[in-house]
């Protein structure tokens, strides 16, 4: 097992790694819309925050030797299910391979983010 750490994505804000490689799979930790340099939330609405989350996720996957195109499963967490349609619009632009996905509403996300995404991808 190999842990992944890159400065092109936000540092972990707890006792976990950005991702772990096991065998031929990458398991990412959940990404929220943080600026990698400042640790501050980027974006005031679901569309802007989803774009930043996917940018962060892409950076972690690439640091592990993978990519968004190789994602086989995502788990998505929304602070408000009323954002589901707009979230899907942004998500669909980036996950053209249509990986398997779960999307659930949660009461609250770290730093009051509107969205969090974690992924499993092939190397």
Please go through the stretch 65-101 and pick out each residue that is over 14 Å from the mean Cα position of the chain (by Cα), surrounded by fewer than 17 Cβ atoms within 10 Å (Cβ to Cβ) and not in a helix (DSSP H, G or I). 65, 80, 96, 97, 98, 100
Only unsatisfied item for residue 27, checking (1) buried (at least 19 other Cβ atoms within 10 Å of the Cβ); (2) in contact with a strand residue (DSSP E or B) (Cβ under 6 Å, 6 or more places away or on another chain); (3) touching a residue at least 60 places away in the same chain (Cβ under 8 Å), is (1)
May I ask you to list pairs of residues, at least six apart or on different chains, whose Cβ atoms are under 9 Å apart, with the first in the stretch 111-123 being at positive phi and the second being surrounded by 21 or more Cβ atoms within 10 Å (Cβ to Cβ) and in a strand (DSSP E or B)? 111/34
When the residues of the stretch 102-123 are filtered to those that are out of contact with any helix residue (DSSP H, G or I) (no Cβ under 9 Å at 6 or more places or on another chain) and outside any helix (DSSP H, G or I), which remaining residue is surrounded by the fewest Cβ atoms within 10 Å (Cβ to Cβ)? 107
With (1) surrounded by fewer than 17 Cβ atoms within 10 Å (Cβ to Cβ); (2) touching a helix residue (DSSP H, G or I) at 6+ places or on another chain (Cβ under 7 Å); (3) not in a loop (DSSP other than H, G, I, E, B) as the list, and residue 54 as the residue in question, which single condition is left unmet? (1)
Restricting to the stretch 1-24, name every residue that is in contact with a strand residue (DSSP E or B) (Cβ under 8 Å, 6 or more places away or on another chain), under 15 Å from residue 120 (Cβ atoms) and part of a loop (DSSP other than H, G, I, E, B). 1, 17, 18, 24
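Values in this text are rule-based calculations from the coordinates and carry no lab data. From a predicted model like this one, the values you see are computed outputs, not experimental measurements. Cβ: placed from backbone, ideal geometry, glycine included. Neighbour counts: every protein chain shown.
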